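Working notes, structure below.
Every number in this text was worked out from the coordinates using simple rules, so none of it is lab data. From a predicted model like this one, the values you see are computed outputs, not experimental measurements. For neighbour counting, all protein chains shown are included, and Cβ atoms are generated from backbone atoms with ideal geometry for every residue, glycine included.
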Amino acid sequence: MPKVTYYSGETFPLEMHKVRIIQKLTLLPIEERLAAIEEAGYNTFLLQNKDVFLDMLTDSGVNAMSDRQQAAMLLADDAYAGSATFSRLHAKLTEIFGKKYFLPAHQGRAAEHILCKGFVKPGDIAVTNYHFTTWKAHVTALGGSVVELLKKEGLEPVSTNPFKGDIYVAGLEELVAKVGAERISYVRMEAGTNLIAGQPFSLANLRAVSAACHKHGIKLVLDASLLADNLHFIKTREAEYASVSVAQIAREMADCCDVIYFSARKLGFGRGGGIITSDQKIYKDLRGLVPMYEGFLTYGGMSVREMEAITVGLDETMDEDMINQGPQFIEYFVRELESHGVPMITPPGGLGAHVDAMRFLDHVPQTAYPSAALASAVYIASGVRGMERGTMSEQREPDGTEPLAHMELLRLAIPRRVFTLSQVSYAIDRVRWLYANRQIVGGLRWVEEPELLRFFYGRLEPIGDWHHQLVAKFRADFGDSL
Ligand SMILES: *Cc1c(COP(=O)(O)O)cnc(C)c1O
């Protein structure tokens with residue numbers, strides 16, 4: 001964000017865009033918020049958006065489009081096969097990433113599905129810096145297993161390490177020596193590592209991982225869904241790239257990788273996704289799966305209007321002023337809460353501010369889902385909807401045992417170009433209040449626990465009466481305020 005210093009000598013986030021279309025919001029009284037979360041089984045995924053004030057659930061598919069994107073959507077060329085819109089998107093991807101082939105898919109997980117179907121055989125190992133929920137579900141459904149090689153600092157909640165998403169490269173060499181390169185389906189590097197609070201990797205690390213993979217003939221796949229944030233962090237945190245354009249950084253990253261896939265619900269401010277590569281064999285191996293699962297090769301389940309928007313959105317992603325609003329709001333969010341003693345994941349990452357629920361609710365055991373309880377408590381206290389990213393997001397082992405998550409996080413996502421700083425300030429205020437009253441908040445237990453991806457639609461209930469006590473304390477402190 002802009003190099004603007006205030007008269008006080010401080011700097012604050014300053015948006016390099018203005019709002020030209022608005023959506024009205026409502027903030028329900030706390031009693032109605034309690035009724036809404038009760039109705040939703042204490043799972044924020046099941047809340048109705050009409051009951052939500054600030055929707056910080058996710059950054060997926062809810063980023064604001066620009067005037068240029070909206071204009072481009074009117075020029076979409078509607079054709080099942082050979083649409084000019086597809087050609088424009090393909091050309092833009094090739095221009096940015098330098099890869100020849102593009103296989104479209106309707107969203108990120110659909111690209112994961114195709115990549116896993118194509119590359120993962122039973123007994124295989126898929127290596128990653130850190131897993132993402134849907135990707136891991138695809139790997140394990142095909143009989144593969146996931147090995148994470150995140151460097152140790154990646155899981156330390158409080159850190160000054162600027163690149164917590166880096167892979168421990170020596171670990172990759174050790175793994176290859178132990179299991180053999182043939183058993184490794186591919187190595188997946190996730191940009192802006194989602195489940196560890198949107199933490200980036202460095203370009204130096206990507207280069208080292210690329211060299212190690214290619215020495216052993218292993219494919220390197222980049223999950224570029226959160227690439228915009230990672231680009232910003234390489235530019236601002238990796239000294240060597242301070243004066244290199246984000247477009248140049250993107251190209252250098254792409255040159256390290258054999259395959260890139262992305263969710264355009266995040267990358268490109270639209271809705272869609274796909275896979276790009278310059279390797280003709282990979283392209284041909286995967287090509288047949290696109291018409292089978294997604295749609296014909298020139299749309300892959302995306303609407304032409306969205307494809308036009310993504311083309312322009314990718315262009316905007318190569319503009320530092322267009323991608324730094326998210327990370328800078330998040331930094332403000334995290335640093336403000338940190339200054340009030342609220343335990344946050346640091347350094348601030350991309351996609352959202354992450355509260356460390358393990359420390360926030362240190363009296364709630366992991367088996368009573370502190371992150372999920374905190375997500376419900378924040379909604380009750382503020383009408384802000386966040387997302388549980390902890391043990392509830394894990395999957396039980398086939399024998400029914402429940403793995404405890406490495407981290408218990410409450411994610412308060414900042415959809416790109418959507419919120420104002422006063423809305424962020426409101427969220428900060430209510431989280432501060434909740435922290436002061438954290439002893440009231442207790443855990444949750446299952447009422448209905450689905451077998452697969454339980455966090456999406458499972459239902460829970462509070463253990464004890466903490467939800468009513470929280471409402472009573474709010475009324476005592478805030479009177480009749482919303
Ligand atoms: C969101 C996300 C995905 C999945 O993308 P969808 O479009 O939601 O299916 C995959 N990887 C990462 C890193 C993501 O953040």
With each run of n ≥ 4 DSSP H residues scored as -39500 (n - 2.57), what mean residue ellipticity at 222 nm is computed for the chain after dividing by its residue count and rounding to the nearest 500 deg cm²/dmol? -12000 deg cm²/dmol
Helix 304-317 sits at what angle to the longest principal axis of the chain, using alpha carbons and giving 0 to 90 degrees rounded to 10? 80 degrees
Cut-off under 16 Å on the C-alpha distance; same-chain residues fewer than 8 positions from Lys3 excluded. Which aspartates and glutamates are left, in chain and number order? Glu15, Asp319, Glu320, Asp321, Glu331
Take Ser263, Ser8, Ser202, Ser339 and order them by how many other Cβ atoms sit within 10 Å, fewest up front. Ser8, Ser339, Ser202, Ser263
May I ask you to sort Phe119, Phe474, Phe269 by Cβ crowding, counting other Cβ atoms within 10 Å and putting the fewest first? Phe119, Phe474, Phe269
Sort Met387, Met73, Met344, Met56 by Cβ crowding within 10 Å, fewest neighbours at the top. Met73, Met387, Met344, Met56
Using only the Cα atoms of the chain, what are the Rg and Dmax in Å? 22.1, 66
Just add up the charged neighbours of Arg88: K/R +1, D/E -1, any other residue whose Cβ is under 13 Å from the Cβ of Arg88. -3
Whole-angstrom gap from region 261-324 to region 166-232, using each part's C-alpha centre: 21 Å
Hz values of 3J(HN,Hα) by residue in region 201-210 - Karplus curve (6.51, -1.76, 1.60), Gly and Pro given as x: 10, 8, 5, 4, 5, 4, 5, 5, 5, 4
Placed amide H near Ile125: partners under 5 Å, 5+ positions off or other chain: Ser145, Ile184, Ser185
Expressed as a fraction of 2.2 N^0.38 Å, the rule-of-thumb size for a compact globular protein of N residues, what is the C-alpha radius of gyration of region 230-273? 1.28
Phi angles of region 163-170, converted by Karplus (6.51 cos²θ - 1.76 cosθ + 1.60, θ = phi - 60°) into ³J(HN,Hα) in whole Hz with x for Gly and Pro, give 10, 6, x, 5, 7, 7, 5, 4
Region 68-319: Rg/Rh from Cα coordinates, Kirkwood Rh? 0.96
Around Glu190, which amide H atoms from residues at least 5 apart in sequence, or from another chain, sit under 5 Å from its own amide H, with H modelled in the peptide plane? Asn129, Tyr130, Asp223
Lys and Arg at +1, Asp and Glu at -1: add these up for the other residues within a Cβ distance under 9 Å of Leu220 and post the number. +1
Could you please report the charge total around Phe12, scoring K, R as +1 and D, E as -1 over all other residues with beta-carbon less than 15 angstrom from its beta-carbon? -2
Between the Cα axis of helix 84-97 and the main Cα principal axis of the chain, the angle (0 to 90°, nearest 10) is 90 degrees
Quick one: 3J(HN,Hα) in Hz for region 56-65, Karplus 6.51/-1.76/1.60 with θ = phi - 60°, rounded, Gly and Pro as x. 10, 5, 7, 9, 8, x, 10, 7, 7, 8
Run down the aspartates and glutamates and flag those whose C-alpha is under 17 Å from the C-alpha of Lys100, throwing out any fewer than 8 positions away in its chain. Glu252, Asp255, Asp258, Asp279, Asp285
